[in-house]
Amino acid sequence: MNKQKTYGAIAILLLPGLLLYTIAFIYPAIQTVYQSFFDWNGIFNVPLTFDGMNNYKEMLDNPNFYRSLKNVGLFIVASFVLILPIALSLALIVTSRMRGKRFFKVAFFIPSILPLTSVGLMWQFLLKSDGLVNKLLEMFGLGGLTHDWLGEPALAIYTVVIVNAWIYCGQNMIIFASGLVAIPDDIYEAASLDGANGYHKLMHITLPLMKEIFKVFAVLAVTQSIRVFGQIYVITGGGPNGATDVPTTLLYNEAFKFNNFGVGNSIGTFMIVAALVVTVVMNFLTSSRSRTKKKGVQA
Amino acid sequence: MIKLKRTPLYVFSILAAVIFLYPLLYSFFASLKDNVEIYNNSVFSLPDIWRWNNYKMALVDANISRAILNSFIYAIPGTFLCLVLSLMVAFVLSRYKLRMNGFLYNYFAIGLMIPVFSLMIPISKVVGALHLFNSYPLMIVLYGVFEMPLAIFLITGYMKGISKELDESAIIDGCGPIRMLFRIIAPLTMPAVSTAGILSFFDIYNDLVWNVILVSDQNMNNISMALMSFVGQQGSSQLGPTFAGIMLTIVPTIVVYLLFQERVEKGLSAGAVKE
């Protein structure tokens with residue numbers, strides 16, 4: 001095989017994917033940034049008009065923008081205080097030697113593979129004033145706790161965050177389980193011989209050896225929270241009154257509801273920059289942390 | 001392995017299983033009830049009569065049958081396109097020492113970092129300018145490309161682990177790069193390919209946003225759009241058929257999961273590790 005022929009073949013293999021990816025992914029990303037300095041009303045033959053930094057000014061003057069950031073913050077916090085402990089407990093269960101663990105694994109995992117729209121709509125109905133959740137509360141004598149879970153602005157975002165945890169605990173369980181099964185059994189056996197109990201083993205063997213998995217989880221918790229869309233779009237549409245908006249739904253609404261495509265693009269640009277910065281910073285932090293040997297786990 | 005105490009462990013496990021499964025079970029029973037039963041009867045009651053007619057309404061009136069078909073029309077060719085393109089790119093990235101490989105890898109990795117939602121406006125603008133709304137081929141290509149970065153990441157990683165000696169003997173036997181990829185390397189890469197395939201299948205099957213902004217023809221609605229518009233039209237007026245619609249769209253994913261349990265689990269955790 002001569003060299004020229006090889007290069008020709010390489011080009012044939014590489015170019016289709018490279019071209020399509022550039023046209024359908026990279027080019028639009030560049031366009032989002034470029035168009036964020038222009039005004040456009042969404043009519044295809046109307047040209048863009050240069051608008052300087054006005055779109056950004058409008059974005060930053062909008063209190064909904066800050067609320068959407070706060071809501072993303074809530075998704076991140078919930079990843080650590082809600083999803084992490086539950087998913088880790090579930091992972092301990094499905095990797096234990098208990099009977100029926102196969103059934104439990106399937107049961108815990110199923111919500112995370114179901115179509116987001118179907119699950120979102122299901123919860124929308126279960127959380128209505130006369131829905132399942134309130135009926136159950138009344139049945140258990142907790143009638144005082146009933147709420148219009150998705151209708152009360154102060155409450156709605158917490159409700160969605162919990163539904164989100166219900167959906168994704170199973171997926172994170174699988175991630176943690178993959179870390180748990182990688183820990184060799186003889187370490188635990190040696191610890192048992194030294195008289196360690198279950199709690200000791202968890203704190204001094206399991207958690208420290210899971211450090212890499214916790215790092216992955218931490219990076220994911222942040223990057224996935226930035227791209228929350230379907231959960232909000234389906235369950236609340238960003239309402240009531242913008243209370244549950246996140247940047248993605250804000251972008252969608254600005255552009256496709258209010259024909260404010262310029263501002264939509266400045267939100268898009270913000271998301272691109274935030275995602276790139278966060279990924280790079282988180283990867284840097286998690287990799288430098290492994291170099292300095294610290295005891296315990298921070299995740 | 002940590003030994004956990006028996007009884008509390010089972011209590012906790014069963015409680016968790018109830019929390020994850022009961023809403024789905026309730027919805028299944030609700031899909032066979034009418035509004036009177038849903039609102040008035042105990043939440044634990046079985047349907048008085050099993051109203052399978054609700055399913056007929058969802059399938060026919062809401063056109064969920066068509067929507068499920070559409071979701072497959074997007075997901076199967078989209079996944080196939082993604083896998084073929086990604087295999088070809090991954091082959092170059094993992095088997096040849098080109099000077100541009102480092103750059104190319106990062107160039108594709110950027111696609112893992114940028115949320116696709118930020119591309120909504122320029123894509124709808126270009127698609128509109130080209131009069132390509134409501135086009136199956138366009139949707140399939142877009143879906144395929146959006147799934148490429150992750151597939152390339154997974155497949156390249158796996159391919160790097162396949163012995164290079166294979167290539168050398170293949171070259172000596174006069175086997176060109178393209179034949180080498182599809183005849184020798186691709187079959188050996190199947191574990192990573194199927195993981196990437198299942199992942200992108202689920203992603204495309206479940207898509208919401210691209211169907212919302214690029215499709216207006218009701219006959220091209222995928223499951224998400226069909227469900228949303230069904231619910232939008234009738235709201236809570238007939239909950240039974242709504243729950244039936246929800247159940248119908250869930251079934252194909254459960255079937256795929258139960259058929260390929262291990263692969264799906266591996267896929268979703270590998271997919272989660274993408275960043």
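Since every read-out is calculated from the coordinates, none of them should be taken as a lab result. Bear in mind the structure is a predicted one, so any value in this text is a computation, not a measurement. Neighbour counts are summed over all protein chains in view; Cβ atoms, including those assigned to glycine, are modelled from backbone coordinates with ideal geometry.
Before moving on, here are some points about what is shown:
- When B:Ile73, A:Ile235 are arranged by Cβ crowding within 10 Å, least crowded first, meaning fewest neighbours, the order is B:Ile73, A:Ile235.
- Degrees between helix B:101-113 axis and first principal axis of chain B (Cα, 0 to 90, nearest 10): 10 degrees
- DSSP-loop chymotrypsin sites (Phe, Trp or Tyr not before Pro) across region B:1-54, with at most 16 other Cβ within 10 angstrom: B:Phe44, B:Trp50, B:Trp52
- For region A:68-155, the list of trypsin sites (Lys or Arg not before Pro) that fall in a loop by DSSP and count at most 16 other C-beta atoms within 10 angstrom reads A:Arg97, A:Arg99.
- In a reduced charge model with +1 at each Lys and Arg Cβ and -1 at each Asp and Glu Cβ, chain B shows a dipole moment near 620 debye about its Cα centre.
- Part-to-part distance (alpha-carbon centres) for region A:147-218 and region A:28-90, which is given in Å: 30 Å
- Residues A:Leu150, A:Leu20, B:Leu188, A:Leu251 in ascending order of nearby Cβ atoms (within 10 Å, fewest first): B:Leu188, A:Leu20, A:Leu150, A:Leu251.
- Shape of region B:1-153, Cα gyration tensor, a/c cut at 1.5: oblate
- Point-charge dipole on Cβ atoms (K/R +1, D/E -1) for chain A, about Cα centre, debye to 20: 1140 debye
- Values of log10 I(q)/I(0), in the order q = 0.18 Å⁻¹, for region A:92-217 under a Debye, Cα-only, solvent-free model: -1.00
- Rounded if a/c under 1.5, otherwise prolate or oblate - region A:140-293, Cα gyration tensor axes: oblate
- For chain B, the longest principal axis of the Cα atoms and the long axis of helix B:190-205 meet at an angle of about 40 degrees.
- What the pair-distance distribution of chain B shows, using all Cα-Cα distances binned every 5 Å from zero, is 1, 5, 10, 12, 13, 13, 12, 11, 8, 7, 4, 3, 1, 1, 0, 0 percent.
- Dipole of region A:62-291, positive end: most advanced residue of A:Phe270, A:Thr286, A:Thr223 [Cβ charges, Cα centre]: A:Thr286
- Taking A:Asp39, A:Asp61, A:Asp186 as the candidate residues, the one with maximal mean-square fluctuation in a Gaussian network model of chain A, Cα springs under 10 Å, is A:Asp186.
- Helix-only CD estimate at 222 nm, as mean residue ellipticity for the protein assembly as shown, using -39500 (n - 2.57) per DSSP H run (n ≥ 4): -21500 deg cm²/dmol
- Once C-alpha pairs closer than 8 Å and six or more residues apart are averaged by separation and normalised to the residue number of chain B, the relative contact order reads 34 percent.
- Which listed pairs, of A:Lys135/A:Lys257; B:Lys97/B:Lys266; B:Lys125/B:Lys266; A:Lys5/B:Lys125; A:Lys135/A:Lys201; A:Lys105/B:Lys164, have C-alpha distances above 32 Å, in listed order: A:Lys135/A:Lys257; B:Lys125/B:Lys266; A:Lys5/B:Lys125; A:Lys135/A:Lys201; A:Lys105/B:Lys164
- Counted by neighbouring Cβ atoms within 10 Å, the residues A:Leu48, A:Leu132 run from fewest to most as A:Leu48, A:Leu132.
- Mean Kyte hydropathy of -0.5 or more with a Cα span along the axis of at least 24 Å, helices from DSSP in chain A: A:3-21, A:153-180, A:261-291
- Shape of region B:6-55, Cα gyration tensor, a/c cut at 1.5: prolate
- Once the chymotrypsin sites (Phe, Trp or Tyr not before Pro) in DSSP loops with at most 13 neighbouring Cβ atoms within 10 Å are cut out of chain A, the longest remaining piece is A:141-257.
- Among B:Arg51, B:Arg263, B:Arg99, the largest mean-square fluctuation in a Gaussian network model of chain B, built with springs joining Cα atoms closer than 10 Å, belongs to B:Arg99.
- Expressed as a fraction of 2.2 N^0.38 Å, the value expected for a compact globular protein of N residues, the C-alpha radius of gyration of the protein assembly as shown is 1.01.
- Computed over chain A with a Gaussian network model linking Cα atoms closer than 10 Å, the most mobile of A:Gly42, A:Gly52, A:Gly100 is A:Gly100.
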